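Notes follow once the structure below has been shown.
Only the coordinates and a few stated rules stand behind these numbers; no lab work does. Bear in mind the structure is a predicted one, so any value in this text is a computation, not a measurement. Cβ placement follows ideal geometry from the backbone for every residue including glycine, while neighbour counts extend to all protein chains displayed.
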């Protein structure tokens, strides 16, 4: 009986010992699981931070490439296609820079919340921010240069337009002056002639009371000529007499092959010097 009691007590002790070890093991497992969860969360946060860093670095590279395209296109911006290249790339740069600034702010916040103490990581984020700020300053300078060139090109375009307009106006003015001078010169060298029978000349009051061109004669009956070029006047008659005063030797009356008279002006200044009107009586 005594032996049975001892065995029962021993069994209870062994059972209690076993149960105590199992509880400890479970507690340790829970602690390990909790620690692994923390490690996994930190790994996820770290990977997320590193991924964001890579995106920012890629954005910085893309901005550098776009900046190069703008600079090359600016060398010959007169081309419409190059102007479009500049416009598109500057818009792209502004968009990427804005995203980079936002992501760096997110990086700082993520690192702060994660509780990760990593000096190199902090340094990397600081370097990224410095690069973005440097790019921002450079892009602002580039924008200022482009704006200045746009103003200069606009002013040059206006100057060229003004020059073209002035040249066009000057050309028109010169043409108008030339036409005016030509008209004036033609008027200065104008002469008028008429030929007709005595009765025809009287009817137009060119002859009145035996005198020529003394009254209110019909000037519209005369033919206007340019005395510089019209030196031969056909009279279409076998009889011709000059009634107006013109110096002898300054002209000649000669018959053509048809036997009809033609008046030829030999000396323009002398012939037309006394009168710009020529009256010839024919039969």
Exposure proxy check: 251, 236 ranked by fewest other beta carbons within 10 Å?
236, 251
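Can you sort 233, 206 from fewest to most other Cβ atoms within 10 Å of each residue's own Cβ? The partial results should precede the final answer.
Details: 233 20, 206 26.
So the ranking, lowest neighbour count to highest, is 233, 206.
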To the nearest 0.05, the calculated FRET efficiency linking residue 214 and residue 175 through their beta-carbon distance, R0 being 45 Å, is 0.60
Can you give the direction-averaged projected area of the convex hull of the alpha-carbon atoms in segment 121-204, in nm²?
9.6 nm²
Could you work out how much longer the chain between residue 266 and residue 81 gets when fully extended? Use 0.36 nm per residue separation minus the Cα distance between them, nm to one decimal.
59.6 nm
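For residue 145 and residue 229, FRET efficiency with R0 = 51 Å and r from the beta-carbon atoms, rounded to 0.05?
Values: r = 65 Å, r/R0 = 1.27.
Efficiency at R0 = 51 Å is approximately 0.20.
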Note down the nm distance, to one decimal, between modelled labels 7 Å out along Cα→Cβ at residue 245 and at residue 276.
1.9 nm
Along the Cα-to-C-beta direction of residue 186, a point sits 7 Å from the Cα; which residues of segment 206-239 have their amide N less than 19 Å from that point?
220-232
Please say if segment 184-232 is rounded, prolate or oblate, where rounded means a/c under 1.5 for a ≥ b ≥ c the square roots of the C-alpha gyration tensor eigenvalues, and otherwise the choice is prolate for a/b larger than b/c and oblate otherwise?
prolate
Semi-axes, largest first, in whole Å: what does sqrt of 5 times each Cα gyration tensor eigenvalue give for segment 185-283?
20, 18, 12
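If we count other beta carbons within 10 Å of each Cβ, what is the order of 255, 175, 120, fewest first?
In increasing order of surrounding Cβ atoms, one gets 120, 175, 255.
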